[in-house]
């Protein structure tokens, strides 16, 4: 069994609009939980989320933890 503290997370921000982008790129942004411009969400650091971030790297950025 693993504890809840074992999960690594990262904070990402949407800094470019999804309008006019490819449908699968829009779906990746939505899948990450981003809905609005400049919104910051915390996502688990898994290979699946890393792949989604790599696909839309031109629209999102990783935000430093405070």
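Per-residue answers, yes or no, for (1) loosely packed, with under 15 Cβ neighbours inside 10 Å; (2) without any contact (Cβ under 8 Å) to a residue 60 or more places away in the chain; (3) in a loop (DSSP other than H, G, I, E, B):
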site: 24; (1), (2), (3): yes, yes, no
site: 30; (1), (2), (3): yes, yes, no
site: 33; (1), (2), (3): yes, yes, yes
site: 36; (1), (2), (3): yes, yes, yes
site: 41; (1), (2), (3): no, yes, no
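Which of the residues belonging to segment 10-22 are within 12 Å of the chain's Cα centre (by Cα) and either within 12 Å of residue 59 (Cα to Cα) or exposed (fewer than 13 other Cβ atoms within 10 Å of the Cβ) (or both)? Please lay out each step first, then the result.
If we filter segment 10-22 for residues that are within 12 Å of the chain's Cα centre (by Cα), which is where we start, we get 10-15.
Of everything in segment 10-22, those that are within 12 Å of the chain's Cα centre (by Cα) and either within 12 Å of residue 59 (Cα to Cα) or exposed (fewer than 13 other Cβ atoms within 10 Å of the Cβ) (or both) turn out to be 12, 13, 14, 15.
Limited to segment 43-59, what total is found for residues that are assigned to a loop (DSSP other than H, G, I, E, B) and over 10 Å from the mean Cα position of the chain (by Cα)? Even if it seems obvious, please write down each step before you answer.
To start, the set of residues in segment 43-59 that are assigned to a loop (DSSP other than H, G, I, E, B) comprises 45-46, 56-59.
From the residues that got through so far, the ones that are over 10 Å from the mean Cα position of the chain (by Cα) too are 46, 58.
The qualifying residues number 2.
Taken together, the values in this text are just the output of simple stated rules run on the coordinates, not laboratory data. Model, not experiment: these values are computed from the prediction. Every residue, glycine as well, gets a Cβ built from its backbone with ideal geometry; the counts of neighbours run over all protein chains shown.
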